[in-house]
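The values are calculated or read from the model by the stated rules, or taken from the named source; none is laboratory data. The structure presented is a predicted model; accordingly, all values stated were derived computationally and were not measured. Positions of Cβ are backbone-derived with ideal geometry, glycine not excepted, and every protein chain shown enters the neighbour counts.
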Amino acid sequence: MAREQDLGPVKVIVADHGFNIGDPTQWRLKKEFAGGGSLMDIGIYSLQAARYITGEEPVEINAVTYTTPGDVRFKEVEETINFQLGFPSGILANCTSSYGYAGQNKYRVIATKGWFELEPATSYTGLRMKIRRNNATEDRDMPQRDHFALEMDHMSDCVMENKVPLTPGEEGLRDLKLMMAIYEAARTGKTVKV
């Protein structure tokens, strides 16, 4: 929908992922094992959504982190990170991931003639889409698919037929480089050009 400009050119993407993490001793809260906090775990979904929806790579990044003072869960990693991505077309993405608040799992794409959103966006079941155009909102149920089975089938096909996966390792490397730039922007308080 975004790339076909069904609702006109896309201007803004809002992507939020969060949950209130429990056990303070779990691996996700250990920098050595997780590499970082919520960005490295669930923030990737917001980053990926912005890249996929635009079909572009960001050219600049701003970011800020917040951790509740005294919360023992976040001695090593950030609780919440908010990052903004600027794309060559002028599209802006505002993305958040957090281990400190009630469930967020949403994408909203705002265009010149309306918006559409997925909420929940990345759950295994119950995906829902809303589309707003001409002062009316349409609800759409999304098909139920077993994501893990589809991933395994695709990988098996790639191995058996010597095909390149839809998301090759280079894609993961691009994500990791962008996440490091997000952390740099948060650490320095400056816009990072990529």
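Residues in region 180-194 that are crowded, with 17+ Cβ neighbours inside 10 Å and hydroxyl-bearing (Ser, Thr, Tyr): Tyr183 only.
If you take the residues in region 1-45 that are among the polar types (S, T, N, Q) and in contact (Cβ under 8 Å) with a residue 60 or more places away in the chain, which one is farthest from Leu92 (Cα to Cα)? So that I can check it myself, show each step before the final result.
Narrowing region 1-45 to residues among the polar types (S, T, N, Q): 5, 20, 25-26, 38.
Those still in the list that are in contact (Cβ under 8 Å) with a residue 60 or more places away in the chain too: 5, 20, 38.
On the way: Gln5: 16, Asn20: 27, Ser38: 21 Å.
Ranking the candidates gives Asn20 first.
Can you tell me how many residues in region 22-61 are farther than 24 Å from Val10 by Cα and of a type in the set (Phe, Trp, Tyr)? Qualifying residue count, region 22-61: 2.
Considering only residues in region 57-84 that are within 21 Å of the chain's Cα centre (by Cα) and among the charged types (D, E, K, R), the one that is nearest to Asp23 (Cα to Cα) turns out to be Glu79.
Of the residues that make up region 161-183, is at least one part of a helix (DSSP H, G or I), modelled with pLDDT of 95 or more and farther than 21 Å from Leu47 by Cβ? Yes: one or more hits.
Just a yes or no: is a residue in region 112-129 part of a helix (DSSP H, G or I), more than 17 Å from Ser46 (Cα to Cα), of a type outside the set (Asp, Glu) and free of Cβ contacts under 8 Å to residues at least 24 places away in the same chain?
Checked region 112-129: no residue is part of a helix (DSSP H, G or I), more than 17 Å from Ser46 (Cα to Cα), of a type outside the set (Asp, Glu) and free of Cβ contacts under 8 Å to residues at least 24 places away in the same chain.
The set of residues from region 130-151 being without any contact (Cβ under 8 Å) to a residue 12 or more places away in the chain, among the aliphatic types (A, V, I, L, M) and not in a strand (DSSP E or B) comprises Ala149, Leu150. Within region 57-75, residues that are at negative phi sit with their Cβ atoms under 6 Å from residues that are part of a loop (DSSP other than H, G, I, E, B) and among the hydroxyl-bearing types (Ser, Thr, Tyr), at 6+ positions apart or across chains, in these pairs: Glu60/Thr191; Asn62/Thr191; Phe74/Thr67. Restricting attention to region 6-26, the residues that are in contact with a Ser or Thr (Cβ under 9 Å, 6 or more places away or on another chain) and assigned to a loop (DSSP other than H, G, I, E, B) total 5. Looking at the structure I just gave you, is Thr80 at pLDDT 95 or above, over 30 Å from Gly8 (Cβ atoms) and touching a Phe, Trp or Tyr at 6+ places or on another chain (Cβ under 7 Å)? The answer is yes for Thr80.
For every residue, the table says whether it meets (1) surrounded by 13 or more Cβ atoms within 10 Å (Cβ to Cβ); (2) in contact with a Leu (Cβ under 9 Å, 6 or more places away or on another chain); (3) of a type in the set (A, V, I, L, M, F, W, C).
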{"position": "Phe116", "(1), (2), (3)": "yes, yes, yes"}
{"position": "Lys130", "(1), (2), (3)": "yes, yes, no"}
{"position": "Asn134", "(1), (2), (3)": "no, no, no"}
{"position": "Asp139", "(1), (2), (3)": "no, no, no"}
{"position": "His147", "(1), (2), (3)": "no, no, no"}
{"position": "His154", "(1), (2), (3)": "yes, yes, no"}
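Taken together, the criteria place Gln48 among residues that are touching a residue at least 60 places away in the same chain (Cβ under 8 Å) and closer than 16 Å to Ala121 by Cα. Among the residues in region 34-54, are any of a type outside the set (A, V, I, L, M, F, W, C), surrounded by 13 or more Cβ atoms within 10 Å (Cβ to Cβ) and assigned to a strand (DSSP E or B)? So far as region 34-54 goes, no, none of its residues is of a type outside the set (A, V, I, L, M, F, W, C), surrounded by 13 or more Cβ atoms within 10 Å (Cβ to Cβ) and assigned to a strand (DSSP E or B).
How about region 73-111: which of its residues are of a type in the set (A, V, I, L, M, F, W, C), touching a strand residue (DSSP E or B) at 6+ places or on another chain (Cβ under 6 Å), crowded, with 22+ Cβ neighbours inside 10 Å and not in a loop (DSSP other than H, G, I, E, B)? Step through it out loud before you land on a result.
Residues of region 73-111 of a type in the set (A, V, I, L, M, F, W, C): 74, 77, 81, 83, 85, 87, 91-93, 95, 102, 109-111.
Right, trim to touching a strand residue (DSSP E or B) at 6+ places or on another chain (Cβ under 6 Å) and you get 81, 83, 85, 91-93, 95, 109-111.
Filter once more, so that each one left must be crowded, with 22+ Cβ neighbours inside 10 Å: 81, 83, 85, 91, 93, 95, 109.
Ile81, Phe83, Leu85, Ala93, Cys95, Val109 - these are the residues of region 73-111 that are of a type in the set (A, V, I, L, M, F, W, C), touching a strand residue (DSSP E or B) at 6+ places or on another chain (Cβ under 6 Å), crowded, with 22+ Cβ neighbours inside 10 Å and not in a loop (DSSP other than H, G, I, E, B).
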